[in-house]
Amino acid sequence: MQGQVLRQVAPQKGAAARVARVAATPSARPARARRRHWGLLLSLLAMVVAPMALAGWYLFTVAEDQYASRLGFSVRKEDTGSAVEILGGITDLTGGSSTNDTDILFEYIQSPNMVRAVMQQVDLVAAYTRPDDPVFSLGEDTRIEAVSDYWTRMVQVYFDRSSHLIEIRVRAFAPEDALAIARAIRAESDRTINALSAVAREDATRYARAERDRALQRLKAARTALTEFRTKHQIVDPEADIRGRMGLLNTLQAELANALIELDLLRQNSRADDPRIVQSERRVLVIRQRISEERARFSQDGDASEEQEAYSRLIGQYEALAVDQKFAEEAYVATLAAYDAAVAEAQRQSRYLATYIEPTAAETPLFPQRWILLLTLLGALATAWTVLTMVYYSLRDRR
């Protein structure tokens, strides 16, 4: 009985001791700011608060207002479809040429060449120079490289590749400057598209024009050769000349028949020594000689000189020249028709600039977007300060 009491008392004494020990443990001291805390606060002020205050002061007191002028256009092709496409129901659904032209124009607007072209119409240095606003203005460097870099900041180009639409937002410190720059961009873009269309039209018609020129030269050479032949041999139309000579030969043959009849009558009614018979015989001889000479001109005469060349050979040469001229004329007509068709096809597929947003002068300055810039700057500074703080504490905990 006594042992049970002692066992019950013993646990009670142990619990009391533990309670006493817990009661004797001292409490935590109040938190105090240490040097690292002041360092974090100073870093926050230096990295976030001070830059934000400086940026806010500059944006709302120094930075000048900027006006924006919008411009939107697309490259279109005058393609109504040829007769074969209309009858067959074939249409061009790809629009490859227009797409390529739009891509070229998109890259050209952001290039230094566009900057040079616009500077010929608008004084970009004067429009973008503001001595009181060194952050958002052009600055003292006015070389084409610096102006081109600044151009990409003030001229934003948006290109929708699905619809092939280009939209441009032009900013400037004065609304009239923004409007003038937008109009200059549209004019230069229109000139560029016209130049591309002219190049495409030149490529499409170059071969047809070369063939037409060659056919024209061939026709001129054939006509010149025929003219020289006529001048040399004094023959304008050999066929008419042949008909004339054949008529002369027929006339001589008729005269010969009449002379022979007269000679036979004289021989029957007169003496053999009658002078009329001698005269008639001479007349028959002369007519026969003339007939022989005329027939000889239609035959090949190997012994004749160049001036007395056989008439049959002249006719062959003339016919060869006439065939060459006729072939050259037909070839020229064919190439001329092909050239006209190529020109019509090239003009049918010409490109043009379709403007769907006309540039206008802005009335309200929308830039710089001060609150958006401040919030963006705050997020960047706060993120940087937080990352640096975490790095600092991680290095501190490792020591």
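The values are calculated or read from the model by the stated rules, or taken from the named source; none is laboratory data. Note that the coordinates shown come from a computational prediction; the quantities given were computed from them, not determined experimentally. Every residue, glycine as well, gets a Cβ built from its backbone with ideal geometry; the counts of neighbours run over all protein chains shown. These area figures cover heavy atoms from the full protein model, side chains too; ligands, DNA and RNA do not enter into them. Shrake-Rupley method; radii C 1.70, N 1.55, O 1.52, S 1.80 Å.
Below, the figures for the structure above:
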{"read-out": "Quotient of C-alpha Rg and 2.2 N^0.38 Å, computed over the stretch 332-399", "value": "2.97"}
{"read-out": "Inter-part distance where the stretch 39-54 and the stretch 190-206 are each reduced to a Cα centre, Å", "value": "60 Å"}
{"read-out": "Efficiency of FRET between Gln110 and Glu176 - r from beta-carbon atoms, R0 22 angstrom, step 0.05", "value": "0.40"}
{"read-out": "Rounded accessible area of Asp190 (nearest 10 Å², 1.4 Å probe)", "value": "60 Å²"}
{"read-out": "Packing rank of 67-74, 114-121, 213-220, where each peptide gets the mean count of other beta carbons within 10 Å, highest leading", "value": "67-74, 114-121, 213-220"}
{"read-out": "Accessible surface of the stretch 249-296, 1.4 Å probe, proportion on carbon and sulfur as whole %", "value": "51 percent"}
